[in-house]
Amino acid sequence: MDRTLRSAGHRALMEALKTARLDAGLTQTELAQKLKRPQSFVAKYENGERKIEVVELAYITRAIGCSACEVIEKVGLAEFIK
């Protein structure tokens with residue numbers, strides 16, 4: 001298991017979150033406002049400069065309006081959580 005920033009799994013998760021945000025029609029600024037965080041928070045995790053915690057993943061996906069499980073399935077990691 002690779003624990004570094006920008007590993008293949010990390011990049012896939014960040015891309016899946018960005019795609020979910022765009023599919024929801026949200027800008028980084030709009031999502032950040034829903035999360036009560038600065039826009040740079042969203043930019044940093046989407047660009048792979050920051051990892052997100054599991055609890056943050058739950059908040060982010062709820063704010064986007066999608067399921068954390070759906071995002072994880074898109075990353076191809078679903079077999080690890082079942």
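Read-outs: derived from the displayed coordinates by stated rules, not from any lab. Keep in mind it's a predicted model, so treat the numbers as computed, not measured. Please note: Cβ atoms are built from the backbone with ideal geometry, for glycine as well, and neighbour counts cover all protein chains shown.
Quick rundown of the values:
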| quantity | calculated |
| --- | --- |
| Karplus (6.51, -1.76, 1.60) ³J(HN,Hα), θ = phi - 60°, over segment 47-57, in Hz, Gly and Pro reported as x | 8, x, 7, 8, 7, 10, 7, 4, 5, 4, 4 |
| Rg ratio (alpha-carbon, reference 2.2 N^0.38 Å) - segment 32-79 | 1.15 |
| Alpha-carbon spread of the chain, three principal axes, descending order, Å | 33, 23, 20 |
| Per-residue HN-Hα couplings for segment 7-20 [Karplus 6.51, -1.76, 1.60; θ = phi - 60°; Hz; x = Gly/Pro] | 5, 4, x, 5, 4, 5, 5, 5, 5, 5, 5, 5, 4, 4 |
| Estimated dipole of the chain in Debye, rounded to 20 [Cβ of Lys and Arg +1, of Asp and Glu -1, Cα centre] | 260 debye |
| Calculated FRET efficiency for the pair Ala8/Glu70, C-beta based, R₀ 25 Å, to 0.05 | 0.80 |
